[in-house]
Amino acid sequence: MSIGSTPLKFKVSIDPDRCMSCGRCIENCSYGVYRKEGDDIRINSRNCVACHRCLAFCPRDAIDIEEKPNDYRSHPLWTREVREAIFNQAKTGKIILAGMGNAQPYPVIFDRLVLDACQVTNPSIDPLREPMELRTYIGKKPSSLTLKQLPDGEVELLTKLTPNLQIETPIMIGHMSYGAISLNAQTALAKAVSRIGTFMGTGEGGLHESLYPYQKNMIVQVASGRFGVDINYLERGAAIEIKIGQGAKPGIGGHLPGEKVCADVSCTRMIPEGSDAISPAPHHDIYSIEDLKQLVRGLKEATEWKKPVFVKIAAVHNSAAIAAGIARSSADAVVIDGFRGGTGAAPRVFRDHVGIPVEAAVASVDAKLRQQGIRHKVSIIASGGIRESADVAKIICLGADAVYIGTSALVAMGCRVCGTCYQGNCAWGIATQKPELVKRLDPETNSVQVENLIHGWTLELAELMGAAGINSIESLRGNRDRLRGYMLDEGLMEVLDVKTVGA
Amino acid sequence: MTTVRIDAHHLHYTPLNQQIRAAIAAGAKEIIIDNVLGQRFIGDGVRGDGVTITVNGVPGGDLGMFMSGPTIIVNGNADHAPGNTMDKGKVIIHGSAGDAVAHSMRGGRVYVRDNIGYRGGIHMKQYMEKRPILVVGGAARAFLGEYMAGGLLIVLGLNGVTPIAERGVGSGIHGGEILVRGPVDELHLGVGAKQTLATEEQKVMIKPIIEDFAQQFGLDPAPLLASDFTRISPASARPFANKYTWE
């Protein structure tokens, strides 16, 4: 091999003064970094992905992991990542598969938006002693109400309302399929959402029967592969989501490799064990916005118009026009998945270069729907790169009704964002189907961690709202006056419809 | 056996399906729908083993979508995607059908007496005892059995038509099989598909299916069974296995 080996991504070292040779690092590492030779623990740094499992379980803090221990000659254009991608493809001639979200250092719009707070006039509200309304309803709202006055003074509502999802906080957990993540991970998420009073997505891998007790908090997904989809599945979900696109890889489908299709994944997806689960890029029955309407209505008809139907699209250039079509399709919510959305596996070129940020997409979708007088026909769910409660507050100000979190919920279960989910070796038992790794993730304790995270964010959201003198999430939604752009360019501020700081 | 007759004249599909569901709930085993004219989603998500729904007229798209159990008999042509993601039951069409017939079907059977449009049997899949079957009496347009992941697709080329005269057959097929009466031009095969002459054992396997199809439409199965069949199957169960390298 004329290229030879590339520099190490990580260098692992053990401080001999601190190490007590307990071997927990060897037991915990699923990537084969450590081995015992005689009394010594030997290290193969090349296998390290920096998942920190060893570090987290070393009782003596003896392990150090250093990123990029060797320097290339620095160059602003020919970055390390670019050079290493070329080495890889020169050796293999293949598409580079990568994990997690966009790894390019694009500016983060969230970090250039600041929130408002009250001073003197319009006093702030203390959420400790004032009720804060965070309950959100996802689904269609009527454009007007017809009421009838009854003789006893009561009022009867004559308008027929369409089913909505009631969530106690505008934070839901997005779709991560059984197959992409383990059943224990899904179970932990399911327990958390059912206790909080919010919802999670099944992903397109079907609904495992052990999750049936949580089905009233599950949104079942129908993607192009139609894995695990039958009438029972559709009826179990609280809502149905049609996945058109995914922020991490807009425009392409998904391939769950056969080695991840174990017996249990196989029966949940309803495909033979060991076979590739291929989700093609388009749905075979959707080639136009009219066809989408037909699938939305097909799902509603199948479930007797009792379930809200969501449509998820990746945030791309024309999201606003597409969302306007979705709003007219009988769908109840549109999910906008930004280009920072995570994934178990995506071609690197798509993960890093296709799609647009969720902040811009949500703002333009909200504006377009309002311009056309159809904003009430759909809720907007924002996903892809929601990292903290401030992001939730900001995206709601930009027009979202609620968010989906994915990576944040996984981080709450130990994920270190090492980005090697596609290897199926996740040492935390999250993105793997290997029984010995899956059992590391205890659904009960991890569900508490996920619940804690959402609870903490919800408290912070209430505080942020109170500080802004707002006591209902309804008043925060689309409230761009509560945002200011800091070092954002004029064009982007126009898209977001926010003023600059100081204005 | 209770028979229920529904007049679909000027009836939207939602009340039509509500009447079908109500009839099944009330124990009807035979439902006859007259004057069907383009109503979509007939039988969508409907359960009911041993229930027969006769459609007189031309149903709209997604006939029998997500259906689990009933038999639908169409006296007329059908629009696109009859049997879409169907789970169990039968759809028998006395005529032709549009594009994406039996799309993602996971169980049950769809029989089309005449011809079907593009992408017939696309992404059909099977699991354990669930093995969907699509039989087409006449010809199929391009991209037949695309992305097919399981199940069985048979095209008979009755009445002198060429069963497969267009390209892309079995593009991306990674499970299941397509049996075509007579030869198939190699040029018409899609990427990932390969063809062989069906063996006697393979023909024996489809014999009861062809007999059932022939019986439904009053045909003589003997000449069909005596013909040679081409079997189109996946060149690999892992068509994407060698496409990627890890970051």
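Rule-based calculations on the coordinates, nothing more; no lab input. What you are looking at is a predicted structure, and each value in this text was computed from that prediction instead of being measured. Virtual Cβ from ideal backbone geometry, glycine too; neighbours counted across all protein chains shown.
Take peptide A:269-277, look around each residue's Cβ out to 10 angstrom, count Cβ atoms belonging to other protein chains, and average those counts.
Taking all residues of A:269-277 together, the mean is 6.
Quick one: 3J(HN,Hα) in Hz for the stretch A:311-318, Karplus 6.51/-1.76/1.60 with θ = phi - 60°, rounded, Gly and Pro as x.
10, 9, 10, 6, 6, 9, 3, 9
Per-residue Cβ counts within 10 Å, from other chains only, averaged over A:388-396: what number is that?
For this peptide, the per-residue mean of nearby foreign Cβ atoms is 0.
Please list, ordered by chain and number, the residues whose modelled amide H lies under 5 Å from the amide H of A:ILE405; skip anything fewer than 5 residues away on the same chain.
A:MET172, A:ILE173, A:GLY174
Obtain the nm distance between the two label points defined at A:CYS19 and A:ARG328 by a simple spin-label model: each point lies 7 Å from its Cα along the Cα-to-C-beta direction.
Those two pseudo-labels are separated by 6.7 nm.
Counting DSSP beta bridges with both partners in the protein assembly as shown, what percentage is antiparallel, nearest 5?
Roughly 30 percent of the DSSP beta bridges within the protein assembly as shown come out antiparallel.
Students often check this: by mean Cβ neighbours within 10 Å, which of A:165-172, A:205-212, A:32-39, A:437-444 ranks highest, and how do the rest follow?
Packing proxy ranking, top to bottom: A:165-172, A:205-212, A:437-444, A:32-39.
If Lys and Arg each add +1 and Asp and Glu each add -1, what is the summed charge of the other residues whose beta carbon sits under 12 Å from the beta carbon of B:GLU201?
+2
Can you list residues whose amide H is under 5 Å from B:GLY151's amide H, if they're 5+ apart or on another chain and H is modeled 1.01 Å from N?
Distant-sequence amide H within range of B:GLY151: B:GLN126, B:GLY176, B:GLU177.
Collect residues whose amide H, placed 1.01 Å from N in the peptide plane, falls under 5 Å from the amide H of B:ILE6; neighbours closer than 5 in sequence don't count.
B:ILE32, B:ILE33, B:ASP34
Mind pulling the angle between the C-alpha long axis of helix A:183-196 and the longest principal axis of chain A? Nearest 10 degrees, somewhere in 0 to 90.
Computed tilt is about 30 degrees.
Averaged across the residues of B:59-71, what count of C-beta atoms belonging to other chains lies within 10 Å of each residue's C-beta?
What the average comes to for B:59-71 is 3.
Could you give the angle, 0 to 90 degrees to the nearest 10, between helix B:200-217's Cα long axis and the longest principal axis of the Cα atoms of chain B?
Approximately 30 degrees, to the nearest ten.
I'd like the orientation of helix A:358-371 relative to chain A: the angle between its Cα long axis and the longest Cα principal axis, in ° from 0 to 90, rounded to 10.
10 degrees
I'd like the distance between the alpha-carbon centres of the stretch B:51-114 and the stretch A:1-17, rounded to an integer number of Å.
60 Å
Give me the net charge of A:PHE10's neighbourhood, meaning all other residues with Cβ under 9 Å from the Cβ of A:PHE10; Lys, Arg count +1, Asp, Glu -1.
Combined, the nearby Lys, Arg, Asp and Glu give +2.
Using a 7 Å offset from Cα along Cα-Cβ at A:LYS91, what residues in the stretch A:26-40 end up with backbone N under 20 Å from the label point?
Residues A:31-34 fall inside that zone.
Mind checking which lysines have their C-alpha under 22 Å from A:LYS312, skipping anything on the same chain fewer than 8 residues away?
List returned: A:LYS140, A:LYS141, A:LYS216, A:LYS243, A:LYS249, A:LYS293, A:LYS300, A:LYS368, A:LYS377, A:LYS394.
Could you name the lysines whose alpha carbon sits less than 21 Å from that of A:LYS36, not counting residues in the same chain fewer than 8 places away?
List returned: A:LYS11.
Work through the residues other than A:ASN122 whose Cβ is under 13 Å from its Cβ and net out their charges, Lys, Arg +1 and Asp, Glu -1.
Charge balance in the 13 Å sphere: -1.
Return the calculated 222 nm mean residue ellipticity for the protein assembly as shown, to the nearest 500 deg cm²/dmol, obtained by summing -39500 (n - 2.57) across DSSP H runs with n ≥ 4 and dividing by the residue count.
Taking each H run of at least 4 residues, the total per residue is -7000 deg cm²/dmol.
In whole Å, what is the distance between the alpha-carbon centres of the stretch A:428-501 and the stretch B:190-235?
57 Å
What is the distance, in nm, between label points placed 7 Å from the Cα along the Cα-to-Cβ direction at A:ARG60 and at B:ASP7?
The two pseudo-label positions are separated by 9.0 nm.
What does the C-alpha gyration tensor say about the overall shape of the stretch B:96-238? Classify as rounded when a/c is under 1.5, otherwise prolate if a/b is larger than b/c, or oblate.
rounded
Whole-Hz ³J(HN,Hα) for each residue in the stretch B:238-247, computed from phi via Karplus 6.51 cos²θ - 1.76 cosθ + 1.60 with θ = phi - 60°, x for glycine and proline: what do you get?
Taking θ as phi minus 60°, the curve returns 10, x, 9, 4, 10, 8, 10, 10, 6, 4 Hz for the stretch B:238-247.
Based on alpha-carbon centroids, what's the gap between the stretch A:341-356 and the stretch A:124-194 in Å, whole number please?
Each part's Cα centre sits 31 Å from the other's.
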